[in-house]
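First the structure, in the form of structure tokens, and then the observations on it.
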Amino acid sequence: MQKPFSERHGLITEKPALGDEMTPRLANLLWSLLYADILSQHQAIDDGYFQAETQVDRLIEGFSRHTWVTKLNRPADIFPGHRSCIAIHKGLLLESTWNIVFDYTEDLIFYFSQDPYFKQHSIPGLIKNINHYLEQERSVYRICDGQFTNLTSSTELQSVEAAIGAKGSGYERHMANAKSLLYDRKNPDYRNSIKESISALESVCGEICQDPKATLGKCLSKINEHRHLHASFKEGLGKIYGWSSDDGGIRHSLTDSSQEIKFKEAQLMLVLISGFINYLKYPD
């Protein structure tokens, strides 16, 4: 996605990545999408479920009634009708915590996906636009198969945490720095995050081989003395390491200030190298 003019020219700083949080701007963008694409399509003049004139009206009335009962815990017999609930829907999106906003959005997508017309004509575009805004606002979440999914899985996060491990060792400090630089909300530094990730891998290679200049190839050969590594597997690891460390790979981008380093690249390197380190340190 292209950066805005102001960010490209350094007039405003790039937004920090959003974790488990919801900014007012993102909440407003999500509400505006859901209202424009779905909730505003209600055409009935009068309030109330039984005044709904079309299938679209009935679906939207049904969703509002569903929200009234399941999200607000209010009795169905005093449901005032969809139009009277617009402010309630809006409040749920703009005033709730991030997880409630995500719950509501998933609920809406699931509900209207049950209708063939909405499933074909409305929901795909809605999800595309939601993901666009999530990326624009640097959320770590995207909608996949109707559900919000963290771009970094719990398994990947566990790998990073395991690589950081106990404090004190050189490679562990590098990994901690890489993670800190990547997720710094005020001033993320993707270029130096990748440098720290690479330094961590070089450090663990030196530690295993008792040689500060040891390469991954030398480390793998040492591990191979105790446990046989398939030749293709060993070669594949070496090629990935080559991409991360030689001048023709990611390091070329690090030394060329004109090449933009993005969050996804720094995140990939952090997760990839944490896996390398865990494999090298704990091969059995």
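Past 24 Å, Cα to Cα, is the threshold; run 128/239; 119/262; 213/234; 218/281; 128/262 against it and keep the listed order. Mind showing how you got there, number by number?
On the way: 128/239 35 Å; 119/262 34 Å; 213/234 20 Å; 218/281 14 Å; 128/262 21 Å.
Those over the limit are 128/239; 119/262.
Separation between the residue 40 and residue 73 pseudo-spin-labels, each 7 Å from Cα along Cα→Cβ, expressed in nm?
3.3
Can you tell me how the stretch 91-142 classifies by the Cα gyration tensor, rounded, prolate or oblate, using a/c under 1.5 as the rounded cut?
Oblate shape, in that a/c is at least 1.5 and b/c is the bigger or equal ratio.
Rg to Rh ratio, the stretch 56-208, alpha-carbon atoms and Kirkwood radius?
Numbers: Rg = 22.2 Å, Rh = 18.9 Å.
Ratio of gyration radius to Kirkwood radius: 1.17.
Using protein chains only and a probe of 1.4 angstrom, how many square angstrom of residue 23 are accessible, to the nearest 10?
40
What FRET efficiency, computed as 1/(1 + (r/R0)^6) with R0 = 35 Å and r the Cβ-Cβ distance, is obtained for residue 222 and residue 99, rounded to the nearest 0.05?
0.15
To the nearest 10 square angstrom, how much accessible area does residue 211 have with a 1.4 angstrom probe?
Counting only protein heavy atoms, residue 211 exposes about 40 Å² to solvent.
Sort 66, 228, 89 from largest to smallest accessible area, using a 1.4 Å probe on the heavy atoms of the protein chains.
Descending accessible area places them as 228, 66, 89.
Using heavy-atom solvent-accessible surface (probe 1.4 Å) with all chains present, what is the largest-first order of 208, 100?
Working: 208 40, 100 60 Å².
The residues order as 100, 208, largest area first.
Work out how much length residue 23 to residue 235 would gain on full extension: take 0.36 nm times their residue separation and subtract the Cα-Cα distance, in nm to one decimal.
71.8 nm
Calculate the translational D of the stretch 54-134 in whole µm² s⁻¹ from Stokes-Einstein, where the hydrodynamic radius comes from the Kirkwood formula applied to all Cα pairs, the temperature is 37 °C and the viscosity 0.692 mPa s.
The calculation lands on 243 µm²/s.
The values are calculated or read from the model by the stated rules, or taken from the named source; none is laboratory data. Every value quoted in this text rests on a predicted model; they were computed, and no experiment measured them. With ideal geometry, Cβ positions are generated from the backbone for all residues, glycine too; neighbour counts draw on all protein chains shown. Please note that ligands, DNA and RNA were not included when accessible areas were found on the heavy atoms of the full protein model with its side chains. Shrake-Rupley method; radii C 1.70, N 1.55, O 1.52, S 1.80 Å.
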